[in-house]
Amino acid sequence: MKKHLFEFLVIASALVLICVACATVPITGRSALALVSAGEMSAMSADAYRQVLTESKVSRDPGKTALVHGVGKRVASASEQFLRENNMGNTLQYYQWQFNLIDDDKTVNAFCMPGGRIAVYTGILPYTKDETGLAVVVGHEAAHAMANHSGERMSQLLLVEMGGVVLQESMKKNKEMTRALALMAYGLGTQIGILLPYSRQHEFEADKIGLVLMARAGYDPRQAPDFWVRMNQAGGGKRPPAWLSTHPAPEQRIAEMHKFIPEAMKHYKPM
């Protein structure tokens, strides 16, 4: 009886959390799980971002650094303007926009931590080619912050962990091997069935939001697919199957981007 009561309480708590802890993603309007708020995620990421910069070589190239800062400021301004125009100005307190260029030609990447703390690696610059190409990257990363994808990811992990506790409790009387196999199957199932698909959804969503942000910042979103084509060619086709990947297949990503460009063009204001 106690076991069933425990399971009921955990499941009931999870359902209540899912019902009340939801947020609306800007631009796409998707309802997202938000057990961890954007404000909490921003506070937690500050030290992590500083540590990355401390352990990395921040570029001293004045031209490239100015380019990253300039594009970053335009995209950040476009983000904040959108939030104000859509009655989301109260969320601006969670953003501490920062833009840094890390001198690492071997790393073809960029990332954004909660709160708008963005870093671009010099290794991606040959693929961005120009200011508009860089705006594609910065817009995509800023979109992750706007959508609080990190907070949603952590919220999902909390629910998965809660489910694991329920499973473990319900199988206390089973043999050790049976428990181990069940927990392994649960972990694999949640990873492939829940966490990885949401990672790909976040990437698609960041692409769409990023197109709108770069358009509002004065960059032509019609040029965005060209950057992803170059990135795809650089990848050399060595990728895991789509269902095992955290990112969408490049071809699908580019196709979805083309579909959304007409919507993004409504926001395009050439500067």
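Values for this structure:
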| quantity | calculated |
| --- | --- |
| Phi to ³J(HN,Hα) by Karplus 6.51 cos²θ - 1.76 cosθ + 1.60 over the stretch 35-49, Hz, x for Gly, Pro | 5, 10, 6, 4, x, 5, 5, 4, 5, 6, 8, 4, 5, 5, 5 |
| FRET efficiency for Asp103 and Gln233, using Cβ-Cβ distance with R0 set to 30 Å, rounded to 0.05 | 0.80 |
| Peptides ranked, highest mean first, by Cβ atoms within 10 Å: ranges 95-101, 55-61 | 95-101, 55-61 |
| The stretch 22-64-the stretch 202-226 distance, computed between alpha-carbon centres (Å) | 18 |
| Long pairs among Lys129/Lys269; Lys106/Lys266; Lys129/Lys208; Lys106/Lys259; Lys73/Lys259, criterion Cα-Cα beyond 30 Å | Lys106/Lys266; Lys106/Lys259 |
| Built amide H within the under 5 Å cut-off of Arg117, gap 5+ | Gln98 |
| Prolate/oblate/rounded label for the stretch 77-152 (Cα gyration tensor, a/c 1.5) | prolate |
| Rounded if a/c under 1.5, otherwise prolate or oblate - the stretch 74-117, Cα gyration tensor axes | prolate |
| Potential extension, Glu251-Ser199 segment - 0.36 nm per residue separation minus Cα distance | 17.0 nm |
| Rounded, prolate or oblate (a/c below 1.5 giving rounded, otherwise prolate when a/b exceeds b/c) for the stretch 17-96 by Cα gyration tensor | oblate |
| Peptides 140-147, 45-52, 84-91, 112-119 ordered by average Cβ neighbours within 10 Å, highest first | 140-147, 112-119, 45-52, 84-91 |
| Stretch gain in nm, segment Thr24-Arg60, where the contour uses 0.36 nm per residue and the Cα spacing is subtracted | 9.1 nm |
| Check: the stretch 49-117 dipole with +1 on Lys, Arg Cβ and -1 on Asp, Glu Cβ, in debye | 100 |
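All of the numbers you see were taken from the coordinates with simple rules; none came from a lab. A quick note: this is a predicted structure, and the numbers were derived from the prediction, not measured. Cβ coordinates were reconstructed from backbone atoms using ideal geometry, including for glycine residues, and neighbour counts include every protein chain displayed.
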